[in-house]
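**Q** Here's a structure for you.
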Amino acid sequence: MATESTRTRRGVDIVVRSIIPVVLALIVAAIILLALGKNPLYFYGDVFANGILGGNWQNSLVVMTPMLLIAVGLIVVFRGQLWNLGYDGQYLLGAVFVGGLGPQLAPIVGDALTYLITAVLAILVGAVWTLLPAWLKARFGTNEVITTLVMSSIGVGATSLLIGYVFQDPSQRTPQTRTFNTSDMLPYIPGTTIHIGFIVAIVVALAFQFILSRTSFGLRLDIYGASPKAARHVGINSRGMTIVLFLISGGLIGLAAAMDILGHVGYVRNNWNPAYGDTIMPFVFLARLSPLAAIPFVAFYAIFATGGTVASIDSGLSTDFLMVIVALILVFMTLTEYIGTKRDLGQSYLPDELRDAFRRPFDTLRTRSAK
Amino acid sequence: MSDLLTPLFISTFIATCIAGVMPLLLASVGETIGEQAGILNLGIEGMMLAGAYVGYAVTIASGSLWLGMLGGAAGGMAMSLIMLVLNTWLGLNQIVLGIAITIAGQGITSVLYQENYANGQVSITPDSWMIPGLSRIPAIGGSIFSQSGIFWLCIVLAIVVASFLARTNWGLSIRAAGQKPSSLDAAGGSVMNTRSQAVLLGGFFSGIGGAYLSLLVVGAFTPFMTQGLGYIAIVVTMLSRGRVWIVAIISVLYGFTQALGAAMQLAGVSIPPQLISMLPYLVIMAVLLIFARSVYVSPVLGAPYTRGAR
């Protein structure tokens, strides 16, 4: 029986467990900053100033748009215990079709139709790029971690090829696609400088929250994630499920690319790779694979990334310092989860074998002294 | 085309090939030990970068390539400690930790490089051992038999690992820990110790693989210099199912595609460079499609071992 008080306690527990890793990571990052001879308080203040203050929160929300869509795309497959790690390839291929076709399409068919066509195209491209790993996984059980990573590398290369040989802007010397006219890009939400892609992302997150928690598809997905064998037993087509989950994931990542290019970037440059997926991954887990909970976490990281990029440059650091913080969050997240679970079960924090290993020297000491 | 096949050309071709083979071979050997013991280490990219950076820093500080390689090994092993403590000992999720190691390796080395070497990069010239007699053979003398001593040491290390894995009790324990840890436990072996050794050795080999790349192939460290080589190593490992000689064959094939791409550009055949860099991945995908049925992955790969759990 879940009474009101135990439920609130569990809720508090979950919130604490989600926030502790972030706090610990920020503390350790501050120590690293000190070791590098930088002032961590200045750094974090700079992050806050450039991520939120003034109009900067609007930039952060623009950056958040593709991140949130990718987060939802990852949540869907991760819930099925499948690993789609090919997000970079799916994202870039989707983006290059939007950047390659959109700017020429807009004057012919009008803006609204351009948005629709390119977004659908990007969704399709992203989804198709997951098809081979999904099929191999469903048919032969081939490890999808490896196939998606390989397909991602092929996708990144194919993007570069497409820019070089198909979508090259003839008026530019650098390898890049044509650029959208500012007037052809996604309109702003009135009164702000945030494009409406942000609303799309929020709506998608809420829609998937509903689908995953309130529909039979969500229930079937959770059964499949818990145990594909059990799912087959209760009549769920687990092969079909594998493929559907991958297609949804790839499609959402394609949509993220479309929104980012249409609303924010406007073109695709060769060797451009924002690699959102890697940095978003910890927050997807901290949100416990819930699209709704992902919104604040992704917002936090978007602010941190926007402010942190400027702050790193101000402190004379490489912007890759943000990756260190993300890695720290991942490590502390798994650690916090582990300690929390062990505490709930009332067990020791050490596994049996390790505890024995620690105890053994003392035991030998004791037997020796007894003699 | 035939006038291209001069001894000098062949010599350059073989040298390029070796430069492509060695980092991948070393990293794949490290990953093979880990995978045989039941640990799928996705952090290999991060460990290689750490090895490459530490190797570079130590070589500049000490002036010795050999100390640099040792430093690279230490760098790789330091990164693998994350996997050792959090996965092998505490049983936390390998894939998440692997990604964490990769991101941490990329981030830390990039930040440190920017701090220490961004203005005024020092390049390193590899030493070469002219093997008496053999190094005078045209074509292969100038390439194979004039490599650095480190090259020979790495080859020996790979052969030692191969024979240890295949022929000793230690190798059997490693494989048991990856196939059926409970039987290793029942036989009186320690799954945790065995896996710990495998993880550390994985870090060691990834580290020297990275250091080989920065010291002997490129001659300098640049951020993100591995460019996905670690992921190729993971696939090579998976395809070779624990047999180091197959790892060697696939690595040589990879090096061959790299050298072929460079040679074709020299010969004036215009192939998009993107295609050449994609080639290994395309080959891997084709191989996976053809041999999909026979790619065997141990059921306990990636699962932490808890005694008594079913």
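**Q** Pull up segment B:270-310, narrow it to residues that are under 30 Å from B:Cys17 (Cβ atoms) and of a type in the set (Ser, Thr, Tyr), then point me to the one that is modelled with the highest pLDDT.
**A** B:Tyr281
**Q** If you go through segment B:95-114, how many residues are more than 7 Å from every other protein chain (Cβ to nearest Cβ) and either in contact with a Phe, Trp or Tyr (Cβ under 9 Å, 6 or more places away or on another chain) or touching a residue at least 60 places away in the same chain (Cβ under 8 Å) (or both)? Lay out the reasoning, then the answer.
**A** Quick first cut of segment B:95-114, residues more than 7 Å from every other protein chain (Cβ to nearest Cβ) only: B:98, B:101-102, B:105, B:109, B:112-113.
Still in the running and either in contact with a Phe, Trp or Tyr (Cβ under 9 Å, 6 or more places away or on another chain) or touching a residue at least 60 places away in the same chain (Cβ under 8 Å) (or both): B:101-102, B:105, B:109, B:112-113.
The number of residues fulfilling the criteria is 6.
**Q** If you don't mind, another one. Out of everything in segment B:167-196 that is touching a Gly at 6+ places or on another chain (Cβ under 8 Å) and of a type in the set (A, V, I, L, M, F, W, C), what residue ends up being farthest from B:Val300 (Cα to Cα)?
**A** B:Ala176
**Q** From the list A:Ala294, A:Ala311, A:Ala327, A:Ala231, which one is among the small types (Gly, Ala, Ser), free of Cβ contacts under 8 Å to residues at least 12 places away in the same chain and either more than 27 Å from A:Arg139 (Cβ to Cβ) or within 11 Å of chain B (Cβ to nearest Cβ) (or both)? Explain how you work it out, then say what you get.
**A** Details: A:Ala294 fails: free of Cβ contacts under 8 Å to residues at least 12 places away in the same chain; A:Ala311 fails: free of Cβ contacts under 8 Å to residues at least 12 places away in the same chain; A:Ala231 fails: either more than 27 Å from A:Arg139 (Cβ to Cβ) or within 11 Å of chain B (Cβ to nearest Cβ) (or both).
Answer to the check: A:Ala327.
One line per residue, one yes/no per condition, for (1) at pLDDT 90 or above; (2) over 30 Å from B:Gly91 (Cα atoms):
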site	(1), (2)
B:Val191	no, no
B:Arg195	yes, no
B:Gly202	yes, no
B:Leu215	yes, yes
B:Tyr231	no, no
B:Ser240	no, no
B:Arg243	no, no
B:Ile250	no, yes
B:Tyr254	no, yes
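**Q** Among B:Ala139, B:Ala74, B:Ala118, which is at pLDDT 90 or above and not charged (D, E, K, R)?
**A** Every option except B:Ala74 fails the conditions.
**Q** If only one of A:Asp88, A:Asp111, A:Asp46 is farther than 29 Å from A:Asp314 by Cβ and among the acidic types (Asp, Glu), which one is it? Steps first, answer last, please.
**A** On the way: A:Asp88 fails: farther than 29 Å from A:Asp314 by Cβ; A:Asp46 fails: farther than 29 Å from A:Asp314 by Cβ.
After applying the criteria, what remains is A:Asp111.
**Q** Among A:Val77, A:Val63, which is open to solvent by less than 10 Å² (accessible area, probe 1.4 Å) and under 28 Å from A:Leu292 (Cβ atoms)? Step through it out loud before you land on a result.
**A** Details: A:Val63 fails: open to solvent by less than 10 Å² (accessible area, probe 1.4 Å).
Going through A:Val77, A:Val63 in turn, just one is open to solvent by less than 10 Å² (accessible area, probe 1.4 Å) and under 28 Å from A:Leu292 (Cβ atoms): A:Val77.
**Q** Any chance segment A:19-32 includes a residue that's more than 25 Å from A:Arg343 (Cα to Cα), among the small types (Gly, Ala, Ser) and open to solvent by 40 Å² or more (accessible area, probe 1.4 Å)?
**A** The first filter runs over segment A:19-32 and keeps only residues more than 25 Å from A:Arg343 (Cα to Cα), leaving A:29-32.
If we keep only those that are among the small types (Gly, Ala, Ser) too, we end up with A:29-30.
Right, trim to open to solvent by 40 Å² or more (accessible area, probe 1.4 Å) and you get none.
No, segment A:19-32 has no match at all.
**Q** In addition: Could you check, for segment A:203-226, whether at least one of its residues is at pLDDT 90 or above, closer than 19 Å to A:Leu61 by Cβ and open to solvent by 60 Å² or more (accessible area, probe 1.4 Å)?
**A** Yes; the residues of segment A:203-226 include at least one that is at pLDDT 90 or above, closer than 19 Å to A:Leu61 by Cβ and open to solvent by 60 Å² or more (accessible area, probe 1.4 Å).
**Q** A:Arg139 passes all but one of (1) at pLDDT 90 or above; (2) charged (D, E, K, R); (3) over 20 Å from the mean Cα position of the chain (by Cα); which number fails?
**A** Of (1) at pLDDT 90 or above; (2) charged (D, E, K, R); (3) over 20 Å from the mean Cα position of the chain (by Cα), only one is false for A:Arg139: (1).
**Q** Continuing with this model, one more query. Please report, ordered by residue number, the helices (runs of 4 or more DSSP H) entirely within segment B:200-310 with at least 2 residues that are more than 10 Å from chain A (Cβ to nearest Cβ) and surrounded by 21 or more Cβ atoms within 10 Å (Cβ to Cβ). Step through it out loud before you land on a result.
**A** Details: elements: B:229-240, B:244-266, B:273-290.
Output list reads B:229-240, B:244-266.
**Q** Picking from A:Arg269, A:Arg239, A:Arg220, which residue would you name as being of a type in the set (Lys, Arg) and farther than 21 Å from A:Gly126 by Cα? Outline the logic, then answer.
**A** Details: A:Arg269 fails: farther than 21 Å from A:Gly126 by Cα; A:Arg239 fails: farther than 21 Å from A:Gly126 by Cα.
After applying the criteria, what remains is A:Arg220.
**Q** Report yes if B:Arg195 is crowded, with 20+ Cβ neighbours inside 10 Å, more than 17 Å from the chain's Cα centre (by Cα), farther than 24 Å from A:Thr148 by Cα and not aromatic (Phe, Trp, Tyr), otherwise no.
**A** Values: crowded, with 20+ Cβ neighbours inside 10 Å: yes; more than 17 Å from the chain's Cα centre (by Cα): yes; farther than 24 Å from A:Thr148 by Cα: yes; not aromatic (Phe, Trp, Tyr): yes.
In short, yes.
Per-residue answers, yes or no, for (1) over 15 Å from B:Phe204 (Cβ atoms); (2) among the aromatic types (Phe, Trp, Tyr):
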{"position": "B:Pro7", "(1), (2)": "yes, no"}
{"position": "B:Ala57", "(1), (2)": "yes, no"}
{"position": "B:Ala73", "(1), (2)": "no, no"}
{"position": "B:Met79", "(1), (2)": "no, no"}
{"position": "B:Trp89", "(1), (2)": "yes, yes"}
{"position": "B:Asn93", "(1), (2)": "yes, no"}
{"position": "B:Ile103", "(1), (2)": "yes, no"}
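**Q** Then there's this: Can you spot a residue in segment A:137-158 that is more than 14 Å from every other protein chain (Cβ to nearest Cβ) and surrounded by fewer than 24 Cβ atoms within 10 Å (Cβ to Cβ)?
**A** Here is the first cut: in segment A:137-158, the ones more than 14 Å from every other protein chain (Cβ to nearest Cβ) are none.
Scanning segment A:137-158 turns up no residue that is more than 14 Å from every other protein chain (Cβ to nearest Cβ) and surrounded by fewer than 24 Cβ atoms within 10 Å (Cβ to Cβ).
**Q** While we're looking at this one, here's another question. Select from segment A:115-136 the residues that are open to solvent by less than 30 Å² (accessible area, probe 1.4 Å) and either more than 18 Å from A:Ala95 (Cα to Cα) or not hydrophobic (A, V, I, L, M, F, W, C) (or both) and write down the one among them that is farthest from the other protein chains (Cβ to nearest Cβ). Don't jump to the end; show me each part of the working.
**A** The first filter runs over segment A:115-136 and keeps only residues open to solvent by less than 30 Å² (accessible area, probe 1.4 Å), leaving A:118-119, A:122, A:125-127, A:130, A:133-134, A:136.
With either more than 18 Å from A:Ala95 (Cα to Cα) or not hydrophobic (A, V, I, L, M, F, W, C) (or both) added as a condition, the list becomes A:118, A:126, A:130, A:133-134, A:136.
Details: A:Thr118: 23, A:Gly126: 18, A:Thr130: 13, A:Pro133: 9, A:Ala134: 13, A:Leu136: 6 Å.
Of everything passing the filter in segment A:115-136, A:Thr118 is farthest from the other protein chains (Cβ to nearest Cβ).
**Q** Return the only residue of B:Ala61, B:Ala57 being more than 14 Å from chain A (Cβ to nearest Cβ), surrounded by fewer than 22 Cβ atoms within 10 Å (Cβ to Cβ) and under 23 Å from A:Val324 (Cα atoms). Walk me through it before giving the result.
**A** Working: B:Ala61 fails: under 23 Å from A:Val324 (Cα atoms).
After ruling out the rest, the residue left standing is B:Ala57.
**Q** Return yes when B:Thr109 is farther than 23 Å from B:Thr226 by Cα and touching a Pro at 6+ places or on another chain (Cβ under 8 Å) and no when it is not.
**A** Working: farther than 23 Å from B:Thr226 by Cα: no; touching a Pro at 6+ places or on another chain (Cβ under 8 Å): yes.
Against the criterion (farther than 23 Å from B:Thr226 by Cα and touching a Pro at 6+ places or on another chain (Cβ under 8 Å)), B:Thr109 does not qualify.
**Q** For segment A:334-347, name all the residues that are more than 8 Å from chain B (Cβ to nearest Cβ) and open to solvent by less than 30 Å² (accessible area, probe 1.4 Å).
**A** Filtering segment A:334-347 for residues more than 8 Å from chain B (Cβ to nearest Cβ) gives A:336, A:339-347.
A:Thr336, A:Gly340 - these are the residues of segment A:334-347 that are more than 8 Å from chain B (Cβ to nearest Cβ) and open to solvent by less than 30 Å² (accessible area, probe 1.4 Å).
The values are calculated or read from the model by the stated rules, or taken from the named source; none is laboratory data. Everything numeric here is computed off the predicted structure, so don't read it as measured data. Every residue, glycine as well, gets a Cβ built from its backbone with ideal geometry; the counts of neighbours run over all protein chains shown. For accessibility, only protein heavy atoms count, side chains too; no ligands or nucleic acids. Shrake-Rupley method; radii C 1.70, N 1.55, O 1.52, S 1.80 Å.
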